[in-house]
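Worksheet: the structure to be examined is printed underneath.
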Amino acid sequence: MSVAASTDEVQTVVAARRLASARTVFIGVGRPSIAAILARMVHNPDLVLIYESGTIGAKPFHIPLSIGDGELSETADTVVGVPEMFNYWIGAGRVDVGFLGAAQVDRYANLNSTVIGDYDHPRTRLPGAGGAPEIASSCGEVIVTVAHSRRTLVERLDFLTTVGHGDGPGARGRLGLRGRGPTAVITDLGVLEPDPSSAELTLTQLHPGVTVEQAREQTGWELAVAERPRITERPSDAELNALRELLAR
Amino acid sequence: MSVAASTDEVQTVVAARRLASARTVFIGVGRPSIAAILARMVHNPDLVLIYESGTIGAKPFHIPLSIGDGELSETADTVVGVPEMFNYWIGAGRVDVGFLGAAQVDRYANLNSTVIGDYDHPRTRLPGAGGAPEIASSCGEVIVTVAHSRRTLVERLDFLTTVGHGDGPGARGRLGLRGRGPTAVITDLGVLEPDPSSAELTLTQLHPGVTVEQAREQTGWELAVAERPRITERPSDAELNALRELLAR
Amino acid sequence: MIRCARDDSVFTLRTAVARLLHLSDAVAELVRDGDSVALEGFTHLIPFAAGHELLRQGRRDLELIRMTPDLLYDQLIGMGAARRLVFSYGGNPGVGSLHRFRDAIEHDWPHPIEIEEHSHAGMANRYAAGAADLPFAVLRGYAGTDLVAHTNVRFVDCPFTGERLAAVAALRPDVAIVHAQEADGDGNVQLWGIPGVQKEAVLAARRSLVTVERIVERLLPRPGAVVLPGWVLDAVAVAPGGSQPSYSEGITRRDNAFYRDWDEISRDRQRFSAWMQEHVLGKVAAR
Amino acid sequence: MIRCARDDSVFTLRTAVARLLHLSDAVAELVRDGDSVALEGFTHLIPFAAGHELLRQGRRDLELIRMTPDLLYDQLIGMGAARRLVFSYGGNPGVGSLHRFRDAIEHDWPHPIEIEEHSHAGMANRYAAGAADLPFAVLRGYAGTDLVAHTNVRFVDCPFTGERLAAVAALRPDVAIVHAQEADGDGNVQLWGIPGVQKEAVLAARRSLVTVERIVERLLPRPGAVVLPGWVLDAVAVAPGGSQPSYSEGITRRDNAFYRDWDEISRDRQRFSAWMQEHVLGKVAAR
């Protein structure tokens, strides 16, 4: 049968599972797109994929390289302009789940995708905000996928591009943000979820073979750990075959 | 040859002539629509007709009963939604000439299309503002067509629905209005134009056979009269034949 | 459909598609006495069949929202279904007055009616703000007019230029009802021709119903079409000819003769009531 | 095209149609050194041919406005044409960094560049405000982010609810350049597929140029099309393949391989310069 799942594959499969009961998901390219297409293949054939290029209900067969690939507009239920997309669809809170990546994530799931280093003299200039701030402030919930490393999961962001849970409990409400904010940070080691009372990201799930110590070591702050972290269910044959088939298309 | 022109026909022909060099005109139904179609037939085949239903570049063969008749959308260069029409096209000042009617007009070409009598207990409830206020505040210029009578050309409006020249010189600027405002009020007796210095409507043109006295008598304020009012050039055979052909379609 | 982002139980109410209901069931379920209701359609695609069903079911005390009340709201007002009217142009296009609208305002018949009126630009921006779930919209308008003293408009200063602009409050109707040419089995809706403010009205409303001329296997993309995904709608109901005497581009034609006839029919209270009894109350919704 | 309503001599500059020009003539006439220039196209329909012509004509000191700088602005920045960049996402979509963009910001190469960055929602609303000739737009955004301290955003209170909203200033570029599938002889333009913010960019700009794949006798209405009447444009220029390596839906395909290759080509200053010399400066605009 199939070769055992790689950490990369596990991360994507776990992300896809999170979309099993969602109606609509807002995605960019890369892993979020792969996870959403996989979710449509395996868990949730009615899942509505929305890309910021304006394609609503896109049904890509291939993994798109850009959010504006022709296959997205050609298969969409409807295609709208960018102002309409952000005002009538994202801003209005019509989307259940927003998928985001980031260069840095802090313990409250705030995100940096702007600069590493000082803003005016950056060590690394990143692409910038794009749609992330409003996706995070308007979607029903947000799922973040990043690599689990001290470079990414940091004590302090170099720049706060996108508000997750701000400075902790109640911050979203004080800032006038809608939706529940980040509900999961899915890494190649496990899943971090905000603690219901402190809003701090807590290790609640470990991928097969990963130890709490490894996760702690790769986290840039003193990582809170759930009493009994769940162990990720291994990717099923159906999930893995679908994912590999998709990547091979 | 043709029967002599009626006062109604003269009024329409004079309105159409005003569109001889316009690029774009915003029109409602009734006389403005007839005048604009006539202008396309006789003077200005490239005239772009814009109706508030969102039809840009409509080329109606028949006189539409409503601003949303199918013939308008079917022949238009493009059809846009109502918010876009008012924001991107009218509000942005893209239209040369706006054509308006009204139940009452005052000496500064302000218009009432809301009520006759008191607002809360009106003698006659009129349709209301529609697109008129923003047409008058955004188009390059405004042409008003009304019947010439004391009931219509009044000393004091019962309700100021649409600002023409406000309370006189400089008023439009003070209110932040764009465009030149009303440049002509075309009636069945002649044409009133705002005096360049006082902004007060002044009789500058009389239709054939009409006297200054008749016009004065039918105006609800002491009508200013130009030193030597022009006499309207009689409708040509081309104009009259086209108008009658249009009305007979 | 649910307001997903304003609710902690995001997924519990989820429906992936709009339900296909009989018009009478849809109206019974979605519209309640006292609701604010927007039946939109700018000259084109006016949802007459749904409006008539409101009357047959005896809905009362409604706040009726519509840019152009047209014959449909003239009928609803004349039958006493409206508590309040929010509008921007209350005429019979190209014909003249809406007599029932006038009679209600001028003579409180059949009962007094509250009004809130705006310009078209104001109403369009109010819907657009509602569709974006913003509390207000800005536009250049209202300045210098008597509307300022008689409607709900405020002014804000541009924080960049200092220019004073009008601000209008978002419209958030309890229910929006619009008519379209077609829907597919999942309740995805397509309309084409003059699009008006229907998309905004539906997206601004808490609940929504679309009546359609027909159900098709699959929506064939059309030039100038507006597509409303089924997941933003609550219900779709088939109502062939449901926009008459308005029209559905490509399927029915505007009955301009009826618009002219309405002037006479509606002028007299008794003739109006008799006409409504015979042509509306005495009928049932098409299946 | 003229700004009709802001000018007393309304008709004197009138042109009923956009002029059909050769691309090099259009760029020479419409774009000046120091201009603010928006070359728009959201992944789809990016006007590469026109941008390359800007470089061949040696335009300098430009304020480059674009939501997604993409490869095109990477090239313009790397060649030293930009004084300032206004944007919301400066990456190579699906691939990674824009190396010339990074090199300019991180190492001032080939010279320092000023930046103003926003979120997509902010940029889109800035264009929409420009298209409506309003000074600003409101949206829910920016609150709580470090962007507030580093960009041009202010806050206004809703005069109805008191809610605090972000306000962004209208974009009014000196010139907008977009690419479309086709135009007719009067310069009426039609584009379809992902529409992005091109309509807004053109309507917000003082001058505008549209490059097209082809001229057709008559625009055949297409599903999902945006039509720009010739009278709102200054010039139309034929540029077949003019959006490559981006694409023109239905005519060309996105060259994803080139987007990947660009990562290597652009990483090194010399290799970049040599590539530009060979593939851009050494060519002439297609006739």
Matching entry among C:H118, C:H99 (being surrounded by fewer than 23 Cβ atoms within 10 Å (Cβ to Cβ) and touching a helix residue (DSSP H, G or I) at 6+ places or on another chain (Cβ under 8 Å)): C:H99
Number of the condition not met by D:G224 [criteria: (1) farther than 30 Å from D:R102 by Cα; (2) within 13 Å of another protein chain (Cβ to nearest Cβ); (3) surrounded by fewer than 22 Cβ atoms within 10 Å (Cβ to Cβ)]: (3)
Can you find a residue in region A:163-177 that is surrounded by fewer than 22 Cβ atoms within 10 Å (Cβ to Cβ), touching a residue at least 60 places away in the same chain (Cβ under 8 Å) and within 14 Å of chain C (Cβ to nearest Cβ)? no
Answer yes or no as to whether D:V280 is assigned to a loop (DSSP other than H, G, I, E, B) and of a type in the set (A, V, I, L, M, F, W, C). no
What number goes with the only condition from (1) surrounded by fewer than 19 Cβ atoms within 10 Å (Cβ to Cβ); (2) out of contact with any strand residue (DSSP E or B) (no Cβ under 6 Å at 6 or more places or on another chain); (3) of a type in the set (A, V, I, L, M, F, W, C) that D:A204 does not pass? (1)
Tell me, yes or no, whether region D:187-197 has at least one residue that is modelled with pLDDT of 95 or more, buried (at least 19 other Cβ atoms within 10 Å of the Cβ), in a strand (DSSP E or B) and not assigned by TED's automatic domain parsing to the domain that holds D:V226. no
Being within 13 Å of chain D (Cβ to nearest Cβ) and either in contact with a Phe, Trp or Tyr (Cβ under 6 Å, 6 or more places away or on another chain) or of a type in the set (G, A, S) (or both): is that true of A:P122 here? no
Would you pick out the residues in region A:132-144 that are touching a strand residue (DSSP E or B) at 6+ places or on another chain (Cβ under 7 Å) and either of a type in the set (A, V, I, L, M, F, W, C) or buried (at least 24 other Cβ atoms within 10 Å of the Cβ) (or both)? A:A132, A:P133, A:E134, A:I135, A:A136, A:C139, A:G140, A:V142, A:I143, A:V144
Answer yes or no as to whether C:L139 is within 14 Å of chain D (Cβ to nearest Cβ) and surrounded by 21 or more Cβ atoms within 10 Å (Cβ to Cβ). yes
Within region B:109-126, residues buried (at least 24 other Cβ atoms within 10 Å of the Cβ) and either among the charged types (D, E, K, R) or in a loop (DSSP other than H, G, I, E, B) (or both) come out as B:A109, B:N110, B:T114
For region D:112-183, list the strands (runs of 3 or more DSSP E) that sit wholly inside it and hold at least 3 residues that are farther than 26 Å from A:F159 by Cα; which are they? D:175-183
Can you confirm whether D:R218 is surrounded by fewer than 19 Cβ atoms within 10 Å (Cβ to Cβ), in a loop (DSSP other than H, G, I, E, B) and either more than 9 Å from every other protein chain (Cβ to nearest Cβ) or over 14 Å from the mean Cα position of the chain (by Cα) (or both)? yes
Enumeration of residues in region D:227-257 that are within 14 Å of chain C (Cβ to nearest Cβ) and under 28 Å from B:A22 (Cβ atoms): D:V227
Of everything in region C:91-107, what is part of a helix (DSSP H, G or I) and under 24 Å from C:Y247 (Cβ atoms)? Give them in sequence order. C:H99, C:R100, C:F101
Would a scan of region B:65-75 turn up a residue that is at pLDDT 95 or above, crowded, with 23+ Cβ neighbours inside 10 Å and over 23 Å from D:R218 (Cα atoms)? no
Considering C:A104, C:A50, C:A128, which residue is surrounded by 23 or more Cβ atoms within 10 Å (Cβ to Cβ), touching a helix residue (DSSP H, G or I) at 6+ places or on another chain (Cβ under 8 Å) and without any contact (Cβ under 8 Å) to a residue 40 or more places away in the chain? C:A104
Being closer than 14 Å to A:R125 by Cα and within 7 Å of another protein chain (Cβ to nearest Cβ): is that true of D:E106 here? yes
For A:R107, work out the one condition from (1) in contact with a strand residue (DSSP E or B) (Cβ under 8 Å, 6 or more places away or on another chain); (2) more than 9 Å from every other protein chain (Cβ to nearest Cβ); (3) free of Cβ contacts under 8 Å to residues at least 60 places away in the same chain it doesn't fulfil. (3)
Turns out the helices (runs of 4 or more DSSP H) fully within region A:1-100 with at least 1 residues that are among the polar types (S, T, N, Q) and more than 9 Å from chain D (Cβ to nearest Cβ) are A:7-17, A:70-75
Of everything in region C:236-281, what is among the hydrophobic types (A, V, I, L, M, F, W, C), more than 24 Å from C:D186 (Cα to Cα) and touching a residue at least 12 places away in the same chain (Cβ under 8 Å)? Give them in sequence order. C:F258, C:W262, C:F272, C:M276, C:V280, C:L281
In this structure, does C:G94 turn out to be more than 25 Å from C:E200 (Cα to Cα), over 16 Å from the mean Cα position of the chain (by Cα) and away from chain B (no Cβ under 14 Å)? no
Does B:R216 fit the bill of being away from chain C (no Cβ under 14 Å) and closer than 19 Å to B:T7 by Cβ? yes
If the requirement is being crowded, with 24+ Cβ neighbours inside 10 Å, hydroxyl-bearing (S, T, Y) and touching a residue at least 40 places away in the same chain (Cβ under 8 Å), which of these qualifies: D:T145, D:T211? D:T211
Is at least one residue of region B:140-150 touching a Cys at 6+ places or on another chain (Cβ under 9 Å) and among the basic types (K, R)? no
Check A:L243, A:L201 and return the single one that is of a type outside the set (V, I, T) and over 13 Å from A:A109 (Cβ atoms). A:L243
Output for region A:189-222, where each listed residue is crowded, with 19+ Cβ neighbours inside 10 Å, hydrophobic (A, V, I, L, M, F, W, C) and closer than 23 Å to A:D8 by Cα: A:L189, A:V191, A:L192, A:L201, A:L203, A:L206, A:V210, A:A215
Test for C:P69: is it crowded, with 24+ Cβ neighbours inside 10 Å, in the same structural domain as C:I194 (by TED's automatic domain parsing), touching a Ser or Thr at 6+ places or on another chain (Cβ under 8 Å) and not polar (S, T, N, Q): no
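The values are calculated or read from the model by the stated rules, or taken from the named source; none is laboratory data. None of the values given here were measured: they were computed from a predicted structure. A quick note on method: Cβ atoms are made from the backbone with ideal geometry, for glycine too, and the neighbour counts reach across all protein chains shown.
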